[in-house]
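Input: a single structure, listed below in structure tokens.
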Amino acid sequence: MLLGRSLLLVLVAAGVSGCTTLPPKELVLPETPVPASWSSSAPGSSGQAAASLAQWWQRFNDPQLTALVEQALQVNTSIRSAQSALLQSRALRDVKTAGLMPGVSGSASAQRSQTNGNDATNSFRAGLDASWEPDIFGGKRSALGVAEADAQAAEASLADVQVSVAAEVALAYIQLRGQQTQLVIAASNLASQQETLQITQWRLQAGLTTSLHLVSDAVCHTCSGSGAEPGTQPTPCPVCAGRGVVEDDQGFFDQDR
């Protein structure tokens, strides 16, 4: 009998040890020396706290750019998907947190009955149950740690998507403004060439210049009017580049301006 009990205890201990799941040890990262301040700071920035870059596009002081970025952040489908993933991960984390707490449940019922002409009787019942499962082997705490890490990863993914969308909108807007500026400069150059051509025509009519000068200004006017593709730098013709060479069917002629 004693041998049987001893054997039973050994088997029970072996089964418990086989089902035991110990939580992993805390990972301690080695310390990395980090300087207390930047090796070189911008002029006038010493002693001032670093500004938050959460809304960096507002530094351009452009209301239209700010409105476009904010609109993109609200309606972009990738951002909405990341927000949904963050809400889901946080909900799972809350479920794991609740598993470590005691559980309480209650119930209530009411009944009214009457039989064989007797007076009606009322009966009421109420119940309250409480339960708590101790996390002896750390399985629930480990699951909570995993859920917390997933929530932090989802939050970082959301921030990454927001930064990417804002950067794409700002880059497209800046490129548009640059092309608009180039268009204004090209229109100004065209107007200047038109004025120069008109003056040369008047001088030719007055006999103050030769037809060669008129051809040169006409070529420059045509070059300014037919620009390159938007967003690219036009290649000037030899006349516009040197203002001393004119090309015709037989070659180049030197001119004195």
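Every number here is computed from the coordinates shown, using simple stated rules; none is lab data. Everything quoted here is computed from the prediction, not taken from an experiment. Neighbour counts are summed over all protein chains in view; Cβ atoms, including those assigned to glycine, are modelled from backbone coordinates with ideal geometry.
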Query raised in the report: Among 144-156, 184-196, how do they line up from the highest to the lowest mean number of other beta-carbon atoms within 10 Å?
Result: 144-156, 184-196
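With all distinct Cα pairs included, what does the Kirkwood hydrodynamic radius of the range 69-192 come out to in Å, to one decimal, could you say?
Evaluated over the range 69-192, this radius sits at 21.0 Å.
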Query raised in the report: How about the range 82-139: which chymotrypsin sites (Phe, Trp or Tyr not before Pro) there are in a DSSP loop, with at most 10 other Cβ atoms within 10 Å of their Cβ?
Result: 132
Query raised in the report: Taking Cα centroids, how far is the range 148-199 from the range 111-132 in Å?
Result: 74 Å
